[in-house]
1. Using the Cα centre of the chain as origin and beta-carbon charges of +1 (Lys, Arg) and -1 (Asp, Glu), tell me which of 263, 342, 396 is placed farthest towards the positive end of the dipole.
2. Which one, (i) 71, 61, 51; (ii) 69, 50, 48; (iii) 74, 52, 45, gives Cα extents along the principal axes in Å as derived from the coordinates shown?
3. Rank 286, 232, 246 by how far each Cα sits towards the positive end of the charge dipole of segment 220-293 (+1 on Lys, Arg Cβ; -1 on Asp, Glu Cβ) and give me just the farthest.
4. Just name one of 310, 277, 465: the one whose Cα is farthest towards the positive end of the charge dipole of segment 16-481 (beta-carbon charges, Lys/Arg +1, Asp/Glu -1).
5. Any idea how far apart residue 237 and residue 332 come out in nm if each label point goes 7 Å out from Cα toward Cβ?
6. For a quick check of understanding: with a 1.4 angstrom probe and all protein chains in place, what accessible area in square angstrom does residue 381 have, to the nearest ten?
7. DSSP loop trypsin sites (Lys or Arg not before Pro) in segment 279-332 with at most 12 other Cβ atoms within 10 Å of their Cβ, which ones?
8. Accessible area per residue for the chain in Å², computed with a 1.4 Å probe and the full protein assembly in place, what is it?
Amino acid sequence: MSSSSSSSLPSTKLPVKPIPGDYGPHFFGPIRDRLAYFYNEGRDKFFANRIQKYQSTVFKTNMPPGPPIASCSYVICLLDAISFSVLFDASKVEKRDVLDGTFLPSLAYTGGHRVCAYLDPSEPKHTSLKSFFLSTLAARHHKFIPFFQIDLSELFNELEAQISTKKEAYFITLSDTMSFNYVFRLFCNKNPSETKIGSQGPKLVDKWLLFQLAPLGSLGLSPKILGYFEDILLRTFSFPFFLVKSDYKKLYDVFYEFGSSVLDEAQNEFGIERDEACHNLIFLAGFNAYGGMKVLFPGLIKWVALAGQTLHQRLADEIRAVIKAEGGVTLSALNKMVLAKSVVYEYLRIDPPVPFQYGKAKVDLVVESHDVAFEIKKGEMIFGYQPFATKDPKIFVNPEEFVADRFVGEEGEKLLKYVYWSNERETEDSTADNKACAGKNLVVLLCRVLLVELFLRYDTFQVEAGTFMFAPSVTFKSLTKASSST
C-alpha cells in the first residue's frame, strides 16, 4: 500500500491515489454541477465528461438536488464494476436514509415512519420489516404467473383495440394500469376497480411519487432558459405533503381494508404495529413495485423492439417450442428458455430500472477500481451510477450494444455477478440482512413471462421510443399476430 495511506486502513496491492475532482465553492459548486447534470450536459455526458477529464472512474462531484433542499450534495462517484460493488457491503457502507440520495423526502409521505427502504440492515426494524416482505411474497408465489397472465391478456387486448382504431397505442398508460392492478391484487386479493379507488390507483400513486421525487427529475425542457426556470421550481423547496394528503389517505384506506390478512401477519408474526405495517405495505406496493414497473416494462419492450425482427423470431421459436413441450407457462418451462432469460438480464444490465445507489462509509476504507485504489473516509457519501458500472468495457465486450445472448452458456452466466440492478449482485439472494430488492426474483420472472406471452401471441412488433421524466416512453405502432399456433 502507498506510504501516504494510513496503516489502519485495509491493505491493497494497487497504487493508492487521491480521489480526483472537486465540489466547487460552497452553495455555487453544487448548483453548477446540478445545471450541468440536468441541462448543460445531460446525465450520461455529465459522468462521461468527468471520467475523461480526470482519467478516472472514481471522482468527487455534487449530486442533485443540492441547496437549498439538501444541505450537503458532496459524493464520491463510482462508475466501474469493481469499485461499485462496495455499495453492497453492509459492513462498510451504511444505507440509512439514502434511498433518494443526498436528501430525504418528508416522512409525512410515509405516515411519519421511516419505512424499510430508509433503514440500514443494522437497524432492528429492518430485519422485521424485510422478513415480513419476504414472507409475504413467498406466501403468494403460486399467484405470480397466473395473475400476471390475466393482466397481460387485458393489456394486449387493449393494445390491439387502440392500434386498430388509432393506428398506435401509448404503452405507458396501459402498462401502469396493468402494473397497479397486478400489485394490488397480489397483496390484497382484490381487483382495485371493486374498491372505492376504482381505476384511479395509478394516478394516486403517480402523484404521490412525483411530489416526493420531483427534485431528482427534469422534463428535459428546451431551450435551456426554460430548464433553468424548471430548476428553480423543482429544487428551491420540497413539495409539501398536504398537496397529496387526500390522495394518500385513499390509498391507505384501501390497503388497510383489503390488505388485512397481510397486516395480520405483520402484526402477529413479526411484531409490527398495524399502522406502520400498512405504510410499509403501501411503500412496497406503490414505490418499490409499481414505481419500479413504470420503468421496467416499458424499458424491456423498448430494447426488445429495437433489437429487431431477427431476435423476435428467435424468441418466438424458443418460447413456442418450450411451451409446446412443457404444456404451459410454468416455472420449469421458463427456466428452459435460455435466450429469453438472457434477454431479460441483458436489459437489466444495459438499462437498469433504478440507476442510482447511495451509501455512507461506515468506516475509513479503501475502494479499488481496476488498477487504482482510493481512500474514502468515514461519513463520506458514496454514489454509484449503475448504467456505467454495468457497461464497464473491462468486464463486458461491446458494452453499449444490446447483445441478446450475452448471458447464455457457462461463460455468459459468469457475468451475472456484474449485473447490479437489484441493489445487489444478480448471483446473490435477497435476505433480511441486506438491501437487495425483496422482489428481485419476481421482477426477473415477470419480465420473462411478459416476453413469453408477447411472443406466444405475436410474431413481431414495432414501437416509437423516447424518454419522459423517469421512464422510457413507448408507443406501439404495429403488432403482427402469430403466424402459427403453439
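1. Positive-end residue among those listed: 396.
2. Among (i) 71, 61, 51; (ii) 69, 50, 48; (iii) 74, 52, 45, the one calculated here is (ii).
3. Final value for the positive-end residue is 232.
4. Comparing the listed Cα positions along the dipole, 465 ranks first.
5. Label at residue 237, label at residue 332, 6.2 nm between them.
6. 20
7. Loop-located and lightly packed - none at all.
8. 43
The values are calculated or read from the model by the stated rules, or taken from the named source; none is laboratory data. Only a predicted model underlies this, so the values are computations on that prediction, with no experimental measurement involved. Cβ atoms come from the backbone with ideal geometry, glycine included; neighbour counts cover every protein chain shown. Note: areas computed on protein heavy atoms with side chains; ligands, DNA, RNA excluded. Shrake-Rupley method; radii C 1.70, N 1.55, O 1.52, S 1.80 Å.
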